[in-house]
Each structure stands twice: as C-alpha cells, then as structure tokens.
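Before any comments, here is the structure.
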Amino acid sequence: MVIIRLNKKGRIPVMRKVTVAKSAGFCFGVKRAVDMAYKEASKGGRVFTLGPLIHNEQVVSDLESRGVKVIEDVESLDEGGDVTVIIRSHGISKETLKKLEGKNVHIADATCPFVSKIHHIVEEKYSEGYHIIITGDAKHPEVIAVCGWCEGHADIIGSTEEAEKYSNYKGQKLCVVSQTTFNYNKFQDIVDILAKKSYDILVMNTICNATEERQTEAGTIAGQSDAMLVIGGKHSSNTQKLFEICKGACPDTYFIQTLDDLDLKKLQSFRSVGITAGASAPNKIIKEVQSYVRNER
C-alpha cells in the first residue's frame, strides 16, 4: 500500500530544488552605508541622506521611521541644531562636496571605497589632459557623481551601439572607466569597439569585483535552473543588469522586490528554481523568498 500525504492545500508536494546565489544581497559598500546610517540614527539629532541611501524602498522606509530623512540637494538642507548628513554609497560630485563642507553640519561619508577610487582616477587623468569616458547609465547617481570629478566633461557610453557611433572629435587621449555595477561583458565589448577606432586609450576596469562575481554566479545558476528569481529594488541598476543576464540564460526569470511580488503559480511546474539578489537587497527578504519557494507546494 502506498500512502501519499498531501500538504495543507490538498496538493501532492513537489520535490523542488532551490539554489540561492552565495553572492546575493548587500555588497560591502551598501552594507557599510546602511550600518553607518543606522548608527547615526541611534545617536539622535537630525539625520539626512543626500538622495535615497540605497536603491531599496524597504530599507529607506525603515530608516525614515527612525528619523533619517532624504533630501535631494544641499540647498534644501536645514542647518539649525545638531545635523548629520550622510553621503550615500553612490558618492557625490566634487562641487557638491565643497558645498556640503561649507555647511554647519556633521558629514558621514558612506561613499563606497570602490567609487571613491574612480573619483581619484577621473580627477587625476582629467588634470593630465585625458578625456574621460564612463561606461554606464548616464542617469545613475554614481555616474552623475563621477562626472563631477572632471568638471562634467565626460562622455557616457551605455551600449555597443553608442560605442559604434562614438567619435573622438578633438583627438584627445581617452581614459575609460566604468560604473562599478556595469555589465562586465558589455564593458569589454565597448572597449574593444573603441580600441578598433585606433584611439589613444587608457582603460581602467573599475567594475567592482563583487559585481563581476555576482553576475557570473547569477548567469551560471540561471543556466542550470528551470526558473530564476531576481530580487531587488525596481530602481536598482545592478539588479536590472542581473535580470538581463539571468533572462538571457533562463527565459522563465522573474524580477521581484519582496515576497509580496512573488506569484507562486508561475513556479508550480518547475522542479528547480534559482535565486539571486541585487547589492541593495536585505538578507531578510532573500531568506523569506527562499523559505517560501522551498516550503510552499
């Protein structure tokens, strides 16, 4: 006699393999910024961040509940009393930093060290006569900040199509850097295209090692899974790139911010599900999704 035990919903349990990327969740720079923000909030006083601290609505909302408010520019800053301003992990331009230093406030600099390194490279090479090219998203706060370290005189290239159309009209020597969370393969393709134009190019691969590892691991897991879940904020650039990579390796890839966005019906027929997450996704959310996918049948 065969005994079949049904689950609480009266369905036969399905043996589902769930693989979670080891690199999923907060990267070093984001964790450092979040820890700094909670530490400053615990001290009391008024705490502000220049722009949302990270691209995760849940974290930003929780910080706001603890008194950490978001301001979009230095001009809107109220200086009265005990005020702390946190520079987010994306960094700020040199001009904005000078304005902030001119205010009567305490500055907590949470700029990711890998981003700060790009600022130094761009400032130095620009002063040496190089024209700066940044591979990345022109609207991303990190890229906007980097541009501010060469007086805004930089060209942003975000695709191979843009690279093909690019012309170095002034014949300057070029210094190519990258947004830390840019797609590594796309960066290489853009550099190859620029190199074929016979320009005098200095290439500085400033993509964060953690980003490369996260993208490589996500692509590998997606290629081995029936379905893939990518967790992260809807405005997160690095999560969007993870989604693109996973979608290319696994057609049934889904982008979710929290467990509430997960439609389990789409996963019921899959025997293996992979999970990865962007650099701004809290570990709590990753574990919730993992537990639900693994235990819900």
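Worth pointing out:
- Going through (1) open to solvent by less than 20 Å² (accessible area, probe 1.4 Å); (2) at pLDDT below 95; (3) part of a helix (DSSP H, G or I) one by one, residue 195 falls short only on (1).
- Residue within the range 44-51 that is charged (D, E, K, R), at pLDDT below 95, surrounded by fewer than 19 Cβ atoms within 10 Å (Cβ to Cβ) and not in a loop (DSSP other than H, G, I, E, B) present: yes
- Sole residue being within 21 Å of residue 234 (Cα to Cα) and basic (Lys, Arg), chosen from 98, 69: 69
- Matching residues in the range 130-156 - criterion: being of a type outside the set (A, V, I, L, M, F, W, C), touching a Ser or Thr at 6+ places or on another chain (Cβ under 7 Å) and within 16 Å of residue 99 (Cβ to Cβ): 148
- Count - residues of the range 26-43 that are in a helix (DSSP H, G or I), of a type outside the set (D, E, K, R) and closer than 16 Å to residue 281 by Cβ: 5
- Where a residue in the range 18-36 is at positive phi and its partner, wherever it lies, is part of a loop (DSSP other than H, G, I, E, B), with Cβ under 8 Å and at least six apart: 25/279; 25/281; 25/282
Yes or no, residue by residue, for (1) more than 24 Å from residue 178 (Cα to Cα); (2) in contact with a Cys (Cβ under 9 Å, 6 or more places away or on another chain); (3) surrounded by 21 or more Cβ atoms within 10 Å (Cβ to Cβ):
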| position | (1), (2), (3) |
| --- | --- |
| 65 | yes, no, no |
| 96 | no, no, no |
| 102 | yes, no, no |
| 108 | yes, no, no |
| 120 | no, no, no |
| 136 | no, no, yes |
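- Residues considered: 247, 265. Of these, the only one that is outside any loop (DSSP other than H, G, I, E, B), closer than 17 Å to residue 294 by Cα and open to solvent by 40 Å² or more (accessible area, probe 1.4 Å) is 265.
- Residues that are crowded, with 19+ Cβ neighbours inside 10 Å, under 22 Å from residue 279 (Cα atoms) and not basic (Lys, Arg) are absent from the range 72-84.
- Filtered residue count, the range 205-226, keeping only those that are open to solvent by less than 50 Å² (accessible area, probe 1.4 Å), assigned to a loop (DSSP other than H, G, I, E, B) and either closer than 16 Å to residue 244 by Cα or of a type in the set (Asp, Glu) (or both): 1
- A single entry from 229, 242, 202 fulfils the requirement of being out of contact with any His (no Cβ under 7 Å at 6 or more places or on another chain), surrounded by 24 or more Cβ atoms within 10 Å (Cβ to Cβ), in contact (Cβ under 8 Å) with a residue 60 or more places away in the chain and hydrophobic (A, V, I, L, M, F, W, C): 229.
- Checking each residue in the range 205-226 for being within 21 Å of residue 91 (Cβ to Cβ) and in contact (Cβ under 8 Å) with a residue 24 or more places away in the chain picks out 205, 206, 207, 208, 210, 211, 212, 214.
The values are calculated or read from the model by the stated rules, or taken from the named source; none is laboratory data. Quick caveat, the model's predicted, so the values are computed rather than measured. Backbone-built Cβ (ideal geometry, glycine too); neighbour counts: all protein chains shown. For the accessible areas, the whole protein counts, side chains as well, though only heavy atoms, and no ligand, DNA or RNA atoms are used. Shrake-Rupley method; radii C 1.70, N 1.55, O 1.52, S 1.80 Å.
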